[in-house]
Structures are given as structure tokens and as C-alpha cells.
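Participant: Please read through the structure below; I'll follow up with questions.
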Amino acid sequence: MTVLEKSARANVESDGLAELLSSPLLGAALAVVAVAQQLIGHIDCDVSWFLTFAEKVLDGRIAYVEASDPNPPAAFLSLMPAVLLARALHLPTEAMVAALVFLAAAGSIGLSFLLLRHGAARGRREWMPLLNAAIFLLLVAPEIVFAEREHIALLALLPLLAALAEERAPAPRLARLVAGLCGGLAVAMKPHFILAIILPALALAWRERSARALLRAELVAAALAAVVAIGATLIAFPAYVGEALPLALEVYGPARDDLGHFLAHSLALAYLALLAGFLVAARGAALGRASLVALAASLGFFAAFLLQGKGWMNHAYPAMVLLLFAWIFFALRDDATGLRAALTKFLFVPALLAAPAYFGIVEQLTDREEHEGLTAAVAAVAPPHPRIATIASQLDFGHPLTRRLAGEWVGRQNALFVTAAVGRLLETAGPERRQRLEARRSADLAALAEDIRAGRPDIIVAEDRATREWVLKRPEMAGALDGYRLAKQAGDIEIWRRAE
């Protein structure tokens, strides 16, 4: 085969690939895959818990008193529409959550593309791959982090980032204001997320050498929306300020993973490798506005990921996705050659295609439960619609177990996360702080004992024998399991049933 023939064949293959990536059928197929994944799998423990939290509040429980969590009110309020609609239409709440997130994603992607298309001259060969990539990264890739706060926040923030990425005349003011309002709501989910707005805003102000870039309509709207949303929820739920927020600041926030475990068991190193590859590939190139905004927002979310220090995949999701978007924008406008082409082909493309693997594709497609065999073991000894409590350090022992068995959660907290966090913090605490932390742990255990005595759960799931024995030796828990017997085990997990 001659050089000309090889070149012609390569061009044909390139045109074929470009046509495939630009096909509306690909986007439709990806949307079908996204829906199928949610039908096959189940919502994860965090979403399950916040649905339970929202239901308890709707049923008259006092938020952050009779049902509590260290996260801001927006965490459960964002799921409240799904609970209300599910009850009104007599449909499964989990299905309604998925439906509303798909609807929100359609609105977010639609508004983002309206803003981007107004702000840049691009042809179908560029728009359709970008749209298909958005469907893939925002609906297929999330897997078990689907409907998590980070997923919802990214969908809310996307139109604001699209508004900031405009390269030509600004889009209509109304569209930019709506984008800003959505961005402000994202910050209400977690205050850390403001970094994903501040960094791209500062990057643009630096590029334009003008502080006036910080006064764009969408940024002002986002700031006002965040202040109003956070202020309104704090006024509506004063117990969060008095009870949950001090607990979050003193215990939950500081209880970060140690650095070695964090790096070995999180997506931090994968992110840094992809970031390094992007920076090398973009070296010497004129970075487009869209790439710059996506990169800066990604760094903002990555900083939030590090600040939280837990290493969970849902915390890493927005940073990873926006970094991939930055590379997509860069690849669409740059004819890569040499090292840049090699990095695109052998780093970016595999990282993009592997995105679902970062966020639990195996667990989602196999409907793998958080603790293998636990649901079946509890179902074997529990009455219908059981009342369930746990003696466990993590919420995934009780959620979504309780919802999967159509049961009722007994307890104001989702687990003994305070007790577990205090155990880690005491290792480095001084005398004064140690006293405060011990008081926090004592209150956590006393609350669980009170919930068990008052709520009389049918089933108590103990994380393992060692945890149960340690907890029951504490004076706060004295007699809490009187009247219960060990009924079954699922691996190390013990299942205790109340005697008839």
C-alpha cells in the first residue's frame, strides 16, 4: 500500500469516526443506556438516607432534632420534590428521583448548549460530539453516584459555566440570570462548591485583565442565589445552626482520611495523572475559553474534594468530569500532532471511555448491594415492613437496606458516624479537646440507646461482633439489646431480632 493510499484510508476512517461521534443516534443510544443502568441497579446509601430524612421531615419530624445529619438542609430538600411527587402519584420514590434527575439533566444540558451555541461559532461536527459527550459523562458515567449531591450540583452549575465560556457576544440576560441562579443553588448543596465558581471567575478576570469580569450578571445572580438559599434554609431549620453545624465543624469535618489511605483508595492519583497530561498537551497552545472555564471549575471541585478529605468517589465526580470536558473542548478546537496527539490518544481517550468504571459500573450493572447477602439475611428473619436500627460506624449498613425491605428506619442519625469519627480524632487530641470529643461520643451513643428503647426496632444490624461488644460495654448503651437475640449472620455482620 502506497503512502497516498494509507493517507486516504486514514482520512476515510477519521471521517467515519467523526460521523459516528456526530450522530444523533449515538446520543439516543447513550440515553437509553443511562436509563437502563438505573433500572438495573439501585440508588446508593447517601441518596437512600436523604430520601428517608426527607420523608421523616414531611411526616412531621423536626429536622436536625428527630432526624439529623451533618450536611446542610439542601441535601434533603433537593430530594423533597421526588418524595412529594411519588406520594401524590403513588409511584416508587426511587424511580421518581431518577426521573427528576433525568429531567434536570435535560434542562441543564439544553440551557448550557443554548448559552454555548450563542457564544461560539461551531458546526454540527463539533456540537454533536460535545452533546454526546455530555450525555455520556452526565448520565451514563455517574453509575452509583447518580442523584448524589455532587451529581445534582454539577447539573445545576453547568449552565453557569457555559455562560462564563461564551466567546462572542453575551447570551440573553434572562438565560444568564437563570444560569446564575442555578449555580447559586449548587453552592447551597455544599458551601465548598463555591470554589468551582470562584476559580473560573478569577481565571477569566486574569485573562481579560479586568476586575469587571467578576461582575458579570450570572456571577452576581449566583452570589445572591447562594446567599438567599443558604440563609432561607438556615432560618427555616434553626436546629441545623444550633445542633448539626457545630457537630460538623468539630467532628465530621476534621475526621479526614489519612493521606496514604486517601491516595491509595481514592481517585486523587488518577485525577492528578489526567491533569498533568492535560497541562503537558496544552503547553504552548492557546487555551480556549471553554477549556479554561472547565479546567478552573474542575480544580475548584478537586480542592473541595481534598478539603472534605473522605476520598469517596461521589466527592471526586464533578472534578473528574469537568477535567474531561476541558480536554474535550481542547481536542475539538486543536489539531493534535506529536506528543499532544499521543497524550490525547493514549491518555485522554482511555480515561474518557473508562469514566463509568471510576464510579461503580460493576456494582451498578450487577445491582451489587453494599454488604453481600445482608438484605437476604435480614429478610429471612424480619417481619414484613421491619423497623430497623444499626450498631454500625457507616450508614451503608442500614441504607438502602431499610428501603429495599420497605421497612422503617429507627433512629435520628444514619449510623454511629460521630462515635467512629471521635475514635479517630482522639488519637491526636489534646486534653481539652479530648473532653469535648468524649462528650460528643457519649451523646451519640446515648441517642442510639434512647432511639432503640423508644422505637423498639424489629431488627438491629450490628457491623460485627467486636463493634457490638465495644458499644454495649459503654454505660450509655446499658441494656439496649435486652429482649433481643442473635437471629442470623451475613459474614461478620450480626442480625439481632426482638423477641416476640
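Participant: Quick check on residue 497: is it more than 23 Å from residue 401 (Cα to Cα), in contact (Cβ under 8 Å) with a residue 40 or more places away in the chain, surrounded by 16 or more Cβ atoms within 10 Å (Cβ to Cβ) and of a type in the set (D, E, K, R)?
Facilitator: The answer is no for residue 497.
Participant: Here is a follow-up. In segment 402-420, is there at least one residue being among the hydrophobic types (A, V, I, L, M, F, W, C) and in contact with a Leu (Cβ under 6 Å, 6 or more places away or on another chain)?
Facilitator: Yes.
Participant: Restricting segment 169-220 to residues that are among the aliphatic types (A, V, I, L, M) and either in a loop (DSSP other than H, G, I, E, B) or touching a Lys or Arg at 6+ places or on another chain (Cβ under 9 Å) (or both), which is farthest from residue 104 (Cα to Cα)?
Facilitator: Of everything passing the filter in segment 169-220, 205 is farthest from residue 104 (Cα to Cα).
Participant: Return the residues of segment 54-86 that are surrounded by fewer than 16 Cβ atoms within 10 Å (Cβ to Cβ) and in contact (Cβ under 8 Å) with a residue 12 or more places away in the chain; say none if nothing qualifies.
Facilitator: 58, 62, 65, 66, 81, 84, 85
Participant: Kindly list, by first and then second residue, each pair from a residue in segment 207-221 that is within 12 Å of residue 163 (Cβ to Cβ) to a residue that is open to solvent by 40 Å² or more (accessible area, probe 1.4 Å) and of a type in the set (Lys, Arg), limited to pairs with Cβ atoms under 7 Å and residues at least 6 apart or on different chains.
Facilitator: 217/173
Participant: Condition first: under 15 Å from residue 220 (Cβ atoms), of a type in the set (A, V, I, L, M) and open to solvent by 50 Å² or more (accessible area, probe 1.4 Å). Now tell me which residues in segment 164-184 satisfy that.
Facilitator: Of everything in segment 164-184, those that are under 15 Å from residue 220 (Cβ atoms), of a type in the set (A, V, I, L, M) and open to solvent by 50 Å² or more (accessible area, probe 1.4 Å) turn out to be 174, 177, 178, 181.
Participant: A further question on this structure: Examine segment 282-297 for a residue that is out of contact with any Phe, Trp or Tyr (no Cβ under 6 Å at 6 or more places or on another chain), within 21 Å of residue 357 (Cα to Cα) and small (Gly, Ala, Ser), and state whether such a residue exists.
Facilitator: Within segment 282-297, none of the residues are out of contact with any Phe, Trp or Tyr (no Cβ under 6 Å at 6 or more places or on another chain), within 21 Å of residue 357 (Cα to Cα) and small (Gly, Ala, Ser).
Conditions (1) touching a Gly at 6+ places or on another chain (Cβ under 6 Å); (2) assigned to a loop (DSSP other than H, G, I, E, B); (3) open to solvent by less than 50 Å² (accessible area, probe 1.4 Å), marked per residue:
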{"position": "421", "(1), (2), (3)": "no, no, yes"}
{"position": "445", "(1), (2), (3)": "no, no, yes"}
{"position": "451", "(1), (2), (3)": "yes, no, yes"}
{"position": "469", "(1), (2), (3)": "no, no, no"}
{"position": "476", "(1), (2), (3)": "no, no, yes"}
{"position": "479", "(1), (2), (3)": "no, yes, yes"}
{"position": "486", "(1), (2), (3)": "no, no, no"}
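Participant: Follow-up question, since we're still on this one. In segment 274-286, which residues are in contact (Cβ under 8 Å) with a residue 24 or more places away in the chain and under 17 Å from residue 345 (Cβ atoms)?
Facilitator: If the condition is that a residue be in contact (Cβ under 8 Å) with a residue 24 or more places away in the chain and under 17 Å from residue 345 (Cβ atoms), then 274, 277, 278, 280, 281, 282, 285 are the ones that fit.
Participant: Next question, about the same structure. Evaluate the following for residue 105: is it surrounded by 16 or more Cβ atoms within 10 Å (Cβ to Cβ) and closer than 30 Å to residue 170 by Cα?
Facilitator: yes
Participant: Oh, and also: Could you pull out the residue among 303, 281, 316 that is among the hydrophobic types (A, V, I, L, M, F, W, C), closer than 26 Å to residue 98 by Cβ, assigned to a helix (DSSP H, G or I) and open to solvent by less than 50 Å² (accessible area, probe 1.4 Å)?
Facilitator: 316
Participant: Yes or no: residue 430 out of contact with any strand residue (DSSP E or B) (no Cβ under 7 Å at 6 or more places or on another chain) and closer than 30 Å to residue 249 by Cβ? Talk me through it step by step, then tell me what you get.
Facilitator: Values: out of contact with any strand residue (DSSP E or B) (no Cβ under 7 Å at 6 or more places or on another chain): yes; closer than 30 Å to residue 249 by Cβ: yes.
Yes; evaluated as a whole, the condition is true for this residue.
Participant: Out of the residues in segment 319-333 meeting the condition of being open to solvent by less than 10 Å² (accessible area, probe 1.4 Å) and within 24 Å of the chain's Cα centre (by Cα), tell me which one is nearest to residue 425 (Cα to Cα).
Facilitator: Going through the qualifying residues, I end up with 319.
Participant: Let me ask something else. Taking the stated definitions as given, is residue 408 under 30 Å from residue 476 (Cα atoms), open to solvent by 50 Å² or more (accessible area, probe 1.4 Å), at pLDDT 95 or above and not basic (Lys, Arg)?
Facilitator: Considered against the rule, which asks whether it is under 30 Å from residue 476 (Cα atoms), open to solvent by 50 Å² or more (accessible area, probe 1.4 Å), at pLDDT 95 or above and not basic (Lys, Arg), residue 408 comes out as yes.
Participant: Select from segment 222-254 the residues that are among the small types (Gly, Ala, Ser) and either loosely packed, with under 13 Cβ neighbours inside 10 Å or farther than 21 Å from residue 298 by Cα (or both) and list them in ascending order.
Facilitator: Result: 225, 229, 231, 232, 236, 239, 242, 244, 248, 253.
Participant: Right, another one. Scan (1) open to solvent by 10 Å² or more (accessible area, probe 1.4 Å); (2) farther than 17 Å from residue 99 by Cα for the single condition residue 152 breaks and write down its number.
Facilitator: So the condition that residue 152 fails would be (2).
Participant: Here's another thing I want to ask about it. Taking segment 229-272 on its own, how many of its residues are in a loop (DSSP other than H, G, I, E, B) and either over 20 Å from residue 312 (Cβ atoms) or among the small types (Gly, Ala, Ser) (or both)?
Facilitator: 4
Participant: If residue 217 meets every condition in (1) open to solvent by 50 Å² or more (accessible area, probe 1.4 Å); (2) modelled with pLDDT under 95; (3) closer than 20 Å to residue 156 by Cβ apart from one, which number is that one?
Facilitator: (1)
Participant: Can you list the helices (runs of 4 or more DSSP H) lying wholly within segment 348-405 that have 3 or more residues being touching a residue at least 60 places away in the same chain (Cβ under 8 Å) and open to solvent by less than 30 Å² (accessible area, probe 1.4 Å)? Break it down into steps so the answer makes sense when it comes.
Facilitator: Working: elements: 349-353, 355-358, 361-365, 374-381, 401-404.
Answer list for segment 348-405: 374-381.
The values are calculated or read from the model by the stated rules, or taken from the named source; none is laboratory data. Treat the numbers as computed from the prediction; the structure is a model and nothing was measured. Counting neighbours? That spans all protein chains shown, and the Cβs are built from the backbone with ideal geometry, glycine included. For the accessible areas, the whole protein counts, side chains as well, though only heavy atoms, and no ligand, DNA or RNA atoms are used. Shrake-Rupley method; radii C 1.70, N 1.55, O 1.52, S 1.80 Å.
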